[in-house]
1. How about region 28-58: which of its residues are within 9 Å of the ligand (Cβ to nearest atom) and surrounded by fewer than 12 Cβ atoms within 10 Å (Cβ to Cβ)?
2. Can you say whether Ala25 is more than 9 Å from the ligand (Cβ to nearest atom) and over 33 Å from the mean Cα position of the chain (by Cα), as far as the supplied structure shows?
3. Among the numbered criteria (1) surrounded by 14 or more Cβ atoms within 10 Å (Cβ to Cβ); (2) modelled with pLDDT under 85, which single criterion is violated by His134?
4. Could you tell me which of the residues Leu161, Leu97, Leu144 is among the aliphatic types (A, V, I, L, M), surrounded by 13 or more Cβ atoms within 10 Å (Cβ to Cβ), farther than 30 Å from Pro9 by Cβ and at pLDDT 80 or above?
5. Please go through region 147-188 and pick out each residue that is of a type in the set (Gly, Ala, Ser), outside any strand (DSSP E or B) and out of contact with any helix residue (DSSP H, G or I) (no Cβ under 7 Å at 6 or more places or on another chain).
6. In region 5-58, what residues are assigned to a strand (DSSP E or B) and either touching a Ser or Thr at 6+ places or on another chain (Cβ under 9 Å) or modelled with pLDDT of 90 or more (or both)?
7. Name the pairs: first residue in region 19-45 and of a type in the set (A, V, I, L, M, F, W, C), second residue outside any loop (DSSP other than H, G, I, E, B) and more than 10 Å from the ligand (Cβ to nearest atom), Cβ to Cβ under 6 Å, at least 6 apart or on different chains?
8. Considering each residue of region 106-146, count those that are in a loop (DSSP other than H, G, I, E, B) and within 30 Å of Lys156 (Cβ to Cβ), and give that number.
Amino acid sequence: MPVRHCPNPDCPYRAKHGRPAEYRAGIATCSDCGAELADGKGSFDADDLRSAKPLEDICNSSSTNVKDLGKADGELIVLLNAPGAISLPVIQLVAGLGVLVISFYYINQRHFVAVIPALIGFGLFFIGFNRIKHSDRRARRVRLYQRGFAYHIGEKIIAVLFTDIEMVSLSDRQLRHRGVPIGVFHDLLLACRGQVYTLTSFESHAGLYPRETSRFVLWAKKVVEGVMGTEEV
Ligand SMILES: [Zn+2]
């Protein structure tokens, strides 16, 4: 199994094959360009992608604190989910509100039988409201710092140091519905202590939140730069 790779971005092997040249342990320099080798595989393979876990799982093995990351560099960026997650609670909320308004109109007209639909309307409204509140508790946000980044999931915060990341890559995949592309997932892959983690934001082609997603892509590129930058020191 290859355990070292050529980190040179201008290596002729990388230009030809699209991934860094890999070597066995004990070899010191790249046979293609002569650069000094770095530890690790240097790129993600299919097995890494299959075994990748969501980044929230990293907290079980990480003891890094946000204070260790240095100064904050920019504001919190919201990660977006693929469509479908929020629509039902919103429908319940709106339907509940509608039933309530109509019922109160009839109660006002002294049709007291409308108390029953009013209660149903209130129930619907309450269920929808609670679900939206709950989904907000699972809201995912990221913020860049001098020496790493923080990942917020609701109230929980996970701090990740650039020096703890062994490998990083940013890629896209299309989401199609009945063959029609409806959006793009932006996946940030991070290797950390032998495990691969993913952080994903969804960009809808409907143009609902294009600005927020381009902020995520910009942020992810800075993470890649941060990890590459510390590697060379
Ligand atoms: Zn090389």
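The values are calculated or read from the model by the stated rules, or taken from the named source; none is laboratory data. Please read these numbers as outputs of a predicted model, since none were measured by experiment. Glycine gets a Cβ as well: all are built from the backbone with ideal geometry, and neighbour counts include every protein chain shown.
1. The answer is Ser31, Gly34.
2. Values: more than 9 Å from the ligand (Cβ to nearest atom): yes; over 33 Å from the mean Cα position of the chain (by Cα): yes.
When the stated conditions are applied, Ala25 passes them.
3. Unmet for His134, out of (1) surrounded by 14 or more Cβ atoms within 10 Å (Cβ to Cβ); (2) modelled with pLDDT under 85: (1).
4. Leu97
5. First pass over region 147-188, keeping only residues of a type in the set (Gly, Ala, Ser): 148, 150, 154, 159, 169, 171, 179, 183.
Restricting the remaining residues to those that are outside any strand (DSSP E or B) gives 154, 179.
Of everything in region 147-188, just one residue is of a type in the set (Gly, Ala, Ser), outside any strand (DSSP E or B) and out of contact with any helix residue (DSSP H, G or I) (no Cβ under 7 Å at 6 or more places or on another chain), namely Gly179.
6. His5, Glu22, Tyr23, Thr29, Glu36, Lys53, Pro54
7. Cβ pairs passing all conditions: Leu37/Arg4; Phe44/Ser169; Phe44/Leu189.
8. The total comes to 3.
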